Amino acid sequence: MTSEKKIVAKHSRVEHAIVNYFLQEQGKFFSFKQLRKKFSKRFQKEELQECVQLLIQSGFLTSRGTQFRHVVAPTEEQPITDIDDIIEGVIDVTAAGHAYVVSPDRDQDIWVSRDNLNTAFDGDQVRVLLTRRKKKKPEGRVLEVVSRARETFIGTIQKLGGETFFVSDQKNTDVDFSIPSTKMSTAVVGDKVVVKLLQWNTGMAH
């Protein structure tokens with residue numbers, strides 16, 4: 001990887017981290033000092049300053065004195081009117097559960113909240129519907145999973161009440177799988193196992 005590509009990749013990680021943080025803390029103001037404290041172990045001060053300035057210029061952040069926040073204004077809502085509002089790409093799920101959809105057809109990644117993933121896992125090929133077309137930070141929701149990146153997962157068998165669950169080792173898989181007793185084979189609670197996803201319908205918890 002060239003030094004230029006490394007810089008771009010680094011800036012992308014900083015931006016994704018800050019965007020994700022403000023989206024989780026919708027409407028709250030934070031000073032740069034607070035952001036610096038929050039991300040000091042991950043990013044340099046200069047990287048954070050540059051990213052915050054870019055997000056202010058793009059309109060994602062608004063400022064009040066030395067503090068910043070992200071607020072979704074009602075005027076950002078736009079009706080979906082044509083097929084160009086449906087984008088296909090690969091979904092990148094963060095450890096916090098939110099995601100970005102990366103598409104070769106768009107310069108900007110599409111942000112998707114954890115409530116709008118529609119059964120998608122990290123790495124899946126998905127179709128998303130644009131719900132906000134803000135120039136620098138488009139947002140959307142997953143319409144369908146086109147293809148799975150994986151159907152098998154590694155994790156641990158756990159039990160809660162009378163139900164048995166599989167908890168994935170992947171930090172960005174924020175879903176516990178319900179395991180019917182007929183599918184347990186010889187596994188017991190606490191075992192490290194490999195499971196295969198059989199079914200997950202919209203509206204199902206697991």
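Tallying residues that are assigned to a helix (DSSP H, G or I) and out of contact with any helix residue (DSSP H, G or I) (no Cβ under 8 Å at 6 or more places or on another chain) within the range 42-60 yields 5.
Results for (1) buried (at least 16 other Cβ atoms within 10 Å of the Cβ); (2) in the same structural domain as Thr119 (by TED's automatic domain parsing); (3) modelled with pLDDT of 75 or more, shown as yes or no for each residue.
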{"position": "Lys37", "(1), (2), (3)": "no, no, yes"}
{"position": "Gln44", "(1), (2), (3)": "no, no, yes"}
{"position": "Leu48", "(1), (2), (3)": "yes, no, yes"}
{"position": "Gln53", "(1), (2), (3)": "no, no, yes"}
{"position": "Gly89", "(1), (2), (3)": "yes, yes, yes"}
{"position": "Ala96", "(1), (2), (3)": "no, yes, no"}
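What do you reckon, is Ala149 crowded, with 18+ Cβ neighbours inside 10 Å, modelled with pLDDT of 85 or more and assigned to a loop (DSSP other than H, G, I, E, B)? Taking the combined requirement at face value, the residue does not satisfy it. Of all residues in the range 64-83, at least one satisfies being touching a strand residue (DSSP E or B) at 6+ places or on another chain (Cβ under 8 Å), at pLDDT 80 or above and over 20 Å from Ser113 (Cα atoms).
The values are calculated or read from the model by the stated rules, or taken from the named source; none is laboratory data. Note that this is a predicted model, so its numbers are computed, not measured. Using ideal geometry, Cβ is built from the backbone for each residue, glycine included, and neighbour counts are taken over all protein chains shown.
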